[in-house]
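Q: Sending over a structure as structure tokens; questions will come in a sec.
The values are calculated or read from the model by the stated rules, or taken from the named source; none is laboratory data. Predicted, not measured: the structure shown is a model, and the values here were computed from it. Please note: Cβ atoms are built from the backbone with ideal geometry, for glycine as well, and neighbour counts cover all protein chains shown.
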């Protein structure tokens with residue numbers, strides 16, 4: 001009995017302590033929310049946009065940062081960032097924008113959308129100043145819109161052109177005696193090349209050269225327009241490696257001065273007419289989000305479905321999964337309060353079957369209300385599959401799209417297991433093909449024919465879906481398909497996209513189709529609540545941050561690519577190449 005009371009009171013004490021902690025936590029949350037509601041932007045404020053932040057398709061929260069008041073834990077989405085820049089243009093409290101431009105992990109299409117919004121901001125005659133101790137080309141892609149750009153005297157600007165690098169596994173697989181059994185449809189479908197070749201095929205080099213040079217041309221033209229430097233002169237700087245130091249960047253008019261951080265802040269203080277840089281009210285984009293209500297107006301309602309990430313079968317919250325999106329689209333179809341739908345696609349593709357499931361739901365949805373697609377950085381392969389049936393398709397000029405092709409990879413690990421680690425396999429089966437396809441033996445000719453036939457069938461279905469959606473013949477679609485990647489401006493020329501435009505343009509198109517004079521929007525999948533983020537998101541976020549900090553961003557990308565290899569094995573895929581490292 002004595003032991004019972006001892007255990008009971010210990011448990012009771014623990015319960016009381018945890019309850020008190022919970023109350024303190026809730027009070028902190030409530031306080032942080034109330035502070036946000038009362039917060040106003042101070043006069044003579046300067047909006048700070050740090051391009052090192054990745055502005056994703058939907059708002060992301062960091063609840064622990066919010067509770068500890070390190071910062072406003074809610075990061076704006078790309079769409080919200082554009083809206084905040086537009087709001088700052090007319091906000092009398094915001095006197096200018098300060099861009100931190102050292103790095104820029106955002107995609108080319110996203111970067112162009114941000115750049116366009118900043119160019120529009122400049123029409124207000126408010127200033128934009130950009131600064132980075134070192135400035136990457138991706139950072140400069142956006143930063144060149146500034147009235148003045150500065151870098152550190154010992155820093156510099158990267159201005160060496162664009163390159164695309166692909167990792168090939170064939171040599172490694174040969175050494176390990178692992179034989180990838182590859183089946184594909186489309187001569188440009190380069191996603192399987194890392195398993196088949198030791199270098200890029202001529203077809204792959206051709207298509208890559210086309211879209212990479214299109215991106216580079218867009219970059220050079222943008223710099224030329226804002227800095228007043230001839231295009232050929234800019235290309236010569238890059239080709240001859242003229243920009244090797246901060247002084248080189250200054251002498252060639254790519255930056256306006258070489259300053260330290262405190263000197264830049266003094267310059268900003270002078271612009272807003274305060275005596276000390278300490279008196280400047282720098283407002284981060286996260287904090288500005290907490291003060292601005294970005295809402296539409298009007299009786300109409302447009303649903304924005306964000307299809308962001310890989311396309312996979314089943315359920316899950318970190319990908320475009322067939323079960324989740326089938327249910328979600330069906331709910332939107334049956335919701336009479338929704339007048340039109342914009343499908344925002346930012347996906348390199350994935351499972352061909354999951355893509356077809358989502359395609360079917362879009363077909364049913366557009367019978368009830370207009371469906372317009374807005375393409376982000378990527379809307380390729382499976383990403384194009386789910387988009388092709390929409391009433392209208394808009395893409396950014398630098399969107400990577402197309403890649404209409406299919407593949408499947410079955411690894412044969414028999415040699416590796418037997419000769420490297422001494423493991424062998426044997427089997428008993430009731431039918432000739434009961435164990436096919438198998439990764440522990442070589443497939444025979446008949447099994448290979450079955451696999452290739454399946455891939456060809458999916459490719460035919462894919463091109464048929466595109467032909468129907470784009471109102472073209474299958475023969476024409478096949479001629480521009482074959483797994484070939486297209487950039488947005490070229491996709492318009494070949495008919496895969498209707499016109500160049502961003503998400504706001506797509507919303508305007510959807511409103512026009514639904515005959516709406518005004519509208520509000522609702523985003524799907526709906527964002528997690530604060531508590532859901534707190535409970536489910538924090539552990540994964542901490543793991544990701546810890547690994548990234550330890551191994552670096554480039555190695556992190558390689559790790560994700562290796563994980564993707566594991567996911568695609570044995571499944572028919574409609575996706576972009578996965579072994580990609582860009583050096584812009």
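Q: In region 201-217, which residue that is in contact with a helix residue (DSSP H, G or I) (Cβ under 7 Å, 6 or more places away or on another chain) and surrounded by fewer than 20 Cβ atoms within 10 Å (Cβ to Cβ) is nearest to residue 258 (Cα to Cα)?
A: Taking region 201-217 and keeping what is in contact with a helix residue (DSSP H, G or I) (Cβ under 7 Å, 6 or more places away or on another chain), we get 201, 204, 214-215.
Of the ones still in play, those that are also surrounded by fewer than 20 Cβ atoms within 10 Å (Cβ to Cβ) are 201, 214.
Working: 201: 44, 214: 31 Å.
The selected residue is 214.
Q: Quick test of your reading of the structure: residue 520 fulfils all but one of (1) surrounded by fewer than 20 Cβ atoms within 10 Å (Cβ to Cβ); (2) in contact (Cβ under 8 Å) with a residue 60 or more places away in the chain; (3) farther than 27 Å from residue 330 by Cβ. Name the failing condition by number.
A: For residue 520, the failing item is (3).
Q: May I ask you to list the residues in region 460-480 that are touching a helix residue (DSSP H, G or I) at 6+ places or on another chain (Cβ under 7 Å) and not in a helix (DSSP H, G or I)?
A: 473
Q: Can you list residue pairs whose Cβ atoms sit under 8 Å apart, with the first residue in region 485-497 being surrounded by fewer than 24 Cβ atoms within 10 Å (Cβ to Cβ) and the second being part of a strand (DSSP E or B)? Count only pairs 6 or more apart in sequence or on different chains.
A: 489/500; 492/395; 492/499; 492/500; 494/486
Q: In region 417-442, how many residues are in contact with a strand residue (DSSP E or B) (Cβ under 6 Å, 6 or more places away or on another chain) and modelled with pLDDT of 90 or more?
A: 1
Q: Which condition number in (1) part of a helix (DSSP H, G or I); (2) under 24 Å from the mean Cα position of the chain (by Cα) is the one that residue 483 fails?
A: All conditions pass for residue 483, except number (1).
Q: Just one of (1) touching a helix residue (DSSP H, G or I) at 6+ places or on another chain (Cβ under 7 Å); (2) surrounded by fewer than 15 Cβ atoms within 10 Å (Cβ to Cβ) trips up residue 457, so point out which.
A: Among (1) touching a helix residue (DSSP H, G or I) at 6+ places or on another chain (Cβ under 7 Å); (2) surrounded by fewer than 15 Cβ atoms within 10 Å (Cβ to Cβ), residue 457 violates only (1).
Q: Looking only at helices (runs of 4 or more DSSP H) that fall completely inside region 339-432, which ones have 1 or more residues that are buried (at least 24 other Cβ atoms within 10 Å of the Cβ) and without any contact (Cβ under 8 Å) to a residue 60 or more places away in the chain?
A: 352-365
Q: Of everything in region 498-517, what is free of Cβ contacts under 8 Å to residues at least 24 places away in the same chain and either outside the structural domain of residue 319 (by TED's automatic domain parsing) or assigned to a helix (DSSP H, G or I) (or both)? Give them in sequence order.
A: Those that are free of Cβ contacts under 8 Å to residues at least 24 places away in the same chain and either outside the structural domain of residue 319 (by TED's automatic domain parsing) or assigned to a helix (DSSP H, G or I) (or both): 508, 512.
Q: Moving to a separate point now. Output the helices (runs of 4 or more DSSP H) that fall wholly within region 236-329 and possess 1 or more residues being exposed (fewer than 15 other Cβ atoms within 10 Å of the Cβ), or say none.
A: In region 236-329, 246-251, 261-271 are the helices (runs of 4 or more DSSP H) which contain 1 or more residues that are exposed (fewer than 15 other Cβ atoms within 10 Å of the Cβ).
Q: Quick one: is residue 126 surrounded by fewer than 24 Cβ atoms within 10 Å (Cβ to Cβ), over 30 Å from residue 445 (Cα atoms) and assigned by TED's automatic domain parsing to the domain that holds residue 247?
A: Answer is yes for this residue.
Q: Has region 397-405 got at least one residue that is in the same structural domain as residue 458 (by TED's automatic domain parsing) and more than 22 Å from the chain's Cα centre (by Cα)? It would help to see each step written out before you state the result.
A: Narrowing region 397-405 to residues in the same structural domain as residue 458 (by TED's automatic domain parsing): 397-405.
With more than 22 Å from the chain's Cα centre (by Cα) added as a condition, the list becomes none.
Among the residues of region 397-405, not one is in the same structural domain as residue 458 (by TED's automatic domain parsing) and more than 22 Å from the chain's Cα centre (by Cα), which makes the answer no.
Q: Here is a list of conditions, (1) surrounded by fewer than 19 Cβ atoms within 10 Å (Cβ to Cβ); (2) out of contact with any strand residue (DSSP E or B) (no Cβ under 8 Å at 6 or more places or on another chain); (3) part of a helix (DSSP H, G or I), and residue 452 meets all of them except one; can you say which number that is?
A: With (1) surrounded by fewer than 19 Cβ atoms within 10 Å (Cβ to Cβ); (2) out of contact with any strand residue (DSSP E or B) (no Cβ under 8 Å at 6 or more places or on another chain); (3) part of a helix (DSSP H, G or I) applied to residue 452, the lone miss is (2).
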